[in-house]
Amino acid sequence: MTIEAERPEGLENPEKPNIVNATVLIDEQEVLIPTVDGRAYREGKGPQLGKRFICAQEIVTETSREVTDSATNKTTIVATKKTQYLSGSIKDVNGNSIYLGCGTETMCIKPSKDVLASCGIPMTLLQPQVLPSAD
C-alpha cells in the first residue's frame, strides 16, 4: 500500500523547506529561531542508543561579567553559556506565534537511521547536564 503525502504550502522543494529566522527575546537577549510555517525547524537526527531526546527548542544564551582579583587587582571578563529547552508557543518580536514543540522526552533503546519526531517536529538531542558535586 502506497500513501501519497501532500507537499505543504510554501515549500518550493520538499527536501529544502522555506526556512525563516524569527527573533525572540530570551533572558533579555535576542535569539534567532529557524521556523517553517510558524513551527520551529530542527534538523532531524537518528536515534542513538542510550541518548535522551526532547521535543523542544534548544536555546543557548551567553552572558559575561567582570571579575576582579583582589590580590592582583586585575579585571577579567568571564563568559558563561546557559542551555535551555523551551517547549510550547512563544511570540517573536513582531508578535507572531511560534510553536517550539510539546516537551515530550524519550530515551532511545534501539538505534535507527530514521528521524525521531514528535508532533511533526524532529526531536532535539538533550545535552548532558553538569551535576553539582556531592562534597
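We did not get these values from a lab; they are worked out from the coordinates using the rules stated. These figures come from a predicted structure and were not determined experimentally. Cβ atoms come from the backbone with ideal geometry, glycine included; neighbour counts cover every protein chain shown.
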- Shape descriptors of the range 20-125 over alpha-carbon atoms, Rg and Dmax in angstrom, are 17.8, 56
- Item | the range 91-135: C-alpha gyration tensor shape, a/c 1.5 cut-off, then a/b vs b/c | oblate
- How far apart, in nm, are the 7 Å Cα→Cβ label points at Ser133 and Met107? 2.7 nm
- Item | Packing rank of 86-97, 103-114, where each peptide gets the mean count of other beta carbons within 10 Å, highest leading | 86-97, 103-114
